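This structure is in structure tokens; I'll ask about it shortly.
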């Protein structure tokens, strides 16, 4: 790769070849091999900051530059984000403290799991999801929702397309299905509150048979261990009973209509 002056001299060369002529100024300059010292490095750094016009870059130069950029800029270990726009920060699972309204904020580190509740990241340093320790408590992934009607902890919910709010589900009609959330506390109509996306929920009034599948009920907002059988009913598996009072909430969004 040659180096030329940015400006050229248009005066014709004279006959004396022993002296520098305009053509010499305009021609490519010769770069001689030599030992690079600190002064040369500093000078090179200063030169690198100047604008070089009309450089001819070959494929090898492009590949080498790309390799350097990828190795140095692709991943930022401080922010945890890739420069290609893909976040490498993993999700973080929620760790229940004394109930869904007293969840503690945990430090975020590589390997942890994040949960977003509105604009708040909540969770703990543990990856394992333990069992809820008290009535109406939960561990798992949560979401902040807006209620379309008055809800209580444990209400099974569907989202109404017309307003985006959450209402009690009912398997008796397609319009009130599928269920996708479970309220974690009492939420008044038009108010915001936490709802379970997936995870474990405890309700001491439950009396399930361990390992039984639970379905959306024809009673609004309720679960049932009996498969709906009335014509037109929507069959949706919502959870599995892991104990008499604790369910593993993981709703399947596939609906089967009873003929």
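For the stretch 168-182, which positions are surrounded by fewer than 22 Cβ atoms within 10 Å (Cβ to Cβ) and over 23 Å from residue 231 (Cβ atoms)?
Within the stretch 168-182, 180 is the sole residue that qualifies.
If you don't mind, there's one more thing I want to ask. It is to be established whether one or more residues within the stretch 214-224 are more than 34 Å from the chain's Cα centre (by Cα) and closer than 22 Å to residue 254 by Cα. Quick ask: steps written out before the conclusion?
Here is the first cut: in the stretch 214-224, the residues more than 34 Å from the chain's Cα centre (by Cα) are 218-219.
Still in the running and closer than 22 Å to residue 254 by Cα: 218-219.
Yes.
Residue check: is residue 185 under 28 Å from the mean Cα position of the chain (by Cα), crowded, with 20+ Cβ neighbours inside 10 Å and modelled with pLDDT of 95 or more? Talk me through it step by step, then tell me what you get.
Details: under 28 Å from the mean Cα position of the chain (by Cα): yes; crowded, with 20+ Cβ neighbours inside 10 Å: no; modelled with pLDDT of 95 or more: yes.
No, not satisfied.
The values are calculated or read from the model by the stated rules, or taken from the named source; none is laboratory data. These numbers come from a predicted model, not from an experiment. Every residue, glycine among them, receives a Cβ derived from its backbone with ideal geometry; neighbour counts consider all protein chains shown.
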